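The values are calculated or read from the model by the stated rules, or taken from the named source; none is laboratory data. Every value quoted in this text rests on a predicted model; they were computed, and no experiment measured them. In this analysis, Cβ positions are derived from the backbone assuming ideal geometry, glycine residues included, and neighbour counts consider all displayed protein chains. The protein model used for the area step is the full one, side chains on, heavy atoms only, and it has no ligands, DNA or RNA in it. Shrake-Rupley method; radii C 1.70, N 1.55, O 1.52, S 1.80 Å.
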Amino acid sequence: MAGAYDDRDGFIWMDGEMVDWRSANVHILTHALHYGSSVFEGERAYNGKIFKSREHSQRLLDSGDYMDIPIPYTVDEIEAAKDQVLKASGLSDAYVRVVCWRGSGNDMGVASAQNPVHMAVAAWEWGAYYGDAKTKGAKLDISKWKRPSPETIPCFAKAAGLYMICTMAKHQAEAKGCSDAMMYDHRGYVAEATGANIFFVKDGEVHTPKPDSFLNGITRQTVIGMLEAKGIKVNVRHIMAEELEGFEQCWLTGTAAEVTPVGQIGEHTFEVGALTREIAEDYEKLVRA
Ligand SMILES: Cc1ncc(COP(=O)(O)O)c(C=O)c1O
């Protein structure tokens with residue numbers, strides 16, 4: 001049985017070395033710990049192969065660029081590190097976390113240009129992110145926190161600091177017996193959940209928010225491609241709060257979430273309908289193909 005995440009058997013790749021899991025530590029005066037100077041990726045391996053691995057590695061480098069964190073590795077080097085970790089883990093289905101951060105160095109103020117950038121890769125077993133919501137439909141709270149404007153924060157990066165409001169939103173949701181929270185953006189448009197993108201169905205067409213203030217997920221893009229290949233119209237647009245009432249089906253997409261049906265958002269209810277189930281099944285087949 002796996003214990004706390006810092007107390008497990010295995011190896012973690014850190015700056016080119018395979019380090020014993022429990023010794024993969026950083027100093028307390030690590031810049032990232034104080035100022036959020038960290039970017040990361042969440043990936044899933046199925047049957048020993050990471051789905052869209054290179055896309056994730058490229059997004060990590062892009063996140064580093066957005067955040068002024070120059071990552072000293074190429075896509076190929078990141079791929080090799082992930083491969084090494086996955087093999088060492090002995091897992092064929094695994095969640096893979098790659099993280100890059102500003103470490104300890106000569107800067108301990110807000111600036112961090114003198115501090116080295118590190119990278120680590122870990123892999124572990126991680127089942128369904130929302131538990132039995134995959135069959136029943138997840139219940140979502142509506143968060144009081146709004147996805148910030150692109151002028152406020154580099155919202156297209158997968159950066160640690162952006163998850164502050166997600167963690168608070170999720171705590172609040174769980175306290176109300178919900179699996180997650182849906183967030184509006186700074187303009188009041190429907191944005192996403194705390195770690196997943198959102199889709200709605202109405203009259204045989206699909207509607208999903210325009211990713212202009214949040215992460216355009218790799219799973220989101222995959223699912224849009226799957227829907228379009230089936231000839232289903234996907235409307236990528238701004239979605240108003242008032243529209244929630246009229247949608248028939250809803251699902252979330254994300255590497256961790258995969259395709260998870262949603263049964264309720266606040267007071268609004270949705271059926272776990274045929275299209276939702278079909279897309280969830282097709283996605284499951286695709287990642288294992
Ligand atoms: C805030 C947020 N939005 C969306 C996603 C979905 O992105 P992806 O499908 O690339 O995993 C994630 C997960 O990475 C996320 O954390």
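Figures for the structure shown
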quantity	calculated
Wholly enclosed strands (runs of 3 or more DSSP E) of segment 142-219 bearing at least 1 residues modelled with pLDDT of 95 or more, within 15 Å of the ligand (Cβ to nearest atom) and aliphatic (A, V, I, L, M)	180-184, 190-193, 197-202
Residue within segment 229-252 that is under 12 Å from the mean Cα position of the chain (by Cα), touching a residue at least 24 places away in the same chain (Cβ under 8 Å) and more than 8 Å from the ligand (Cβ to nearest atom) present	yes
Residue in segment 147-155 that is basic (Lys, Arg) and in contact with a Gly (Cβ under 7 Å, 6 or more places away or on another chain) present	no
Segment 46-74, residues that are assigned to a strand (DSSP E or B) and either open to solvent by 30 Å² or more (accessible area, probe 1.4 Å) or touching a Ser or Thr at 6+ places or on another chain (Cβ under 7 Å) (or both)	Lys49
Unmet requirement for Ala274, which otherwise passes all of (1) without any contact (Cβ under 8 Å) to a residue 40 or more places away in the chain; (2) of a type in the set (A, V, I, L, M); (3) within 16 Å of the ligand (Cβ to nearest atom)	(3)
Hits in segment 17-41 (condition: touching a helix residue (DSSP H, G or I) at 6+ places or on another chain (Cβ under 8 Å) and under 18 Å from Ala80 (Cα atoms))	Met18, Phe40, Glu41
All positions within segment 120-141 that are more than 27 Å from Asp185 (Cβ to Cβ) and either touching a helix residue (DSSP H, G or I) at 6+ places or on another chain (Cβ under 7 Å) or part of a loop (DSSP other than H, G, I, E, B) (or both)	Val121, Ala122, Ala123, Glu125, Trp126, Gly127, Ala128, Gly131, Asp132
Within segment 225-269, considering residues that are open to solvent by less than 20 Å² (accessible area, probe 1.4 Å) and not in a strand (DSSP E or B), the one farthest from Ala191 (Cα to Cα)	Leu227
Residue in segment 50-68 that is more than 16 Å from the ligand (Cβ to nearest atom), touching a helix residue (DSSP H, G or I) at 6+ places or on another chain (Cβ under 8 Å) and touching a residue at least 12 places away in the same chain (Cβ under 8 Å) present	no
Extreme residue, farthest from Asn47 (Cα to Cα), among residues of segment 103-141 that are among the β-branched types (Val, Ile, Thr) and surrounded by fewer than 21 Cβ atoms within 10 Å (Cβ to Cβ)	Val110
